Ligand SMILES: [Ca+2]
C-alpha cells in the first residue's frame, strides 16, 4: 500500500519521483514497465484501469477516464493533455511518477488525452 503525504504538492505538481525501491525496480502490480497506468479510482486500487503504451502515440482517454483520472502510475515517459478555455495544457510524465490522488481539482479532473511526448 502506498502511504503518500500530499503536503506541499501544488495543483500543477504532478511530477515527483517515487523513492527508489525494490518494488519499482522489479515487477510492479500497479503498472508494467513501459506503460502509463491510469485509474478511475484513487490509490490505484479501485475503479477501472487503462494501461497506455506511449509508443502507440496520441490517444483520447476512454470515457471512464475522461476528466476522471483519479490516480496514476507511470513506468514510461509521456504527456498528459487537457483542453481548457486557455487552450491545450500539458504535463510531462516520467518513469517513476505517480499520484495516488490526481482528481479533486488536480490535473486528472480535467485530463482528456495522452501522448508519447509533449
Ligand atoms: Ca477536459
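Every number in this text was worked out from the coordinates using simple rules, so none of it is lab data. What you are looking at is a predicted structure, and each value in this text was computed from that prediction instead of being measured. Quick reminder, even Gly has a Cβ in these numbers, built from the backbone with ideal geometry, and neighbours come from all protein chains shown.
Some notes on this structure:
- So residue 53, is it in contact (Cβ under 8 Å) with a residue 12 or more places away in the chain and within 16 Å of the ligand (Cβ to nearest atom): no
- Number of residues in the range 102-118 that are under 10 Å from the mean Cα position of the chain (by Cα) and either surrounded by fewer than 19 Cβ atoms within 10 Å (Cβ to Cβ) or part of a helix (DSSP H, G or I) (or both) equals 2.
- Scanning the range 81-106 for residues that are out of contact with any helix residue (DSSP H, G or I) (no Cβ under 6 Å at 6 or more places or on another chain), within 15 Å of the ligand (Cβ to nearest atom) and under 21 Å from residue 56 (Cβ atoms) yields 81, 82, 83, 88, 90.
- Residue 64 vs. criteria within 19 Å of residue 31 (Cα to Cα), crowded, with 16+ Cβ neighbours inside 10 Å and either within 15 Å of the ligand (Cβ to nearest atom) or without any contact (Cβ under 8 Å) to a residue 40 or more places away in the chain (or both): no
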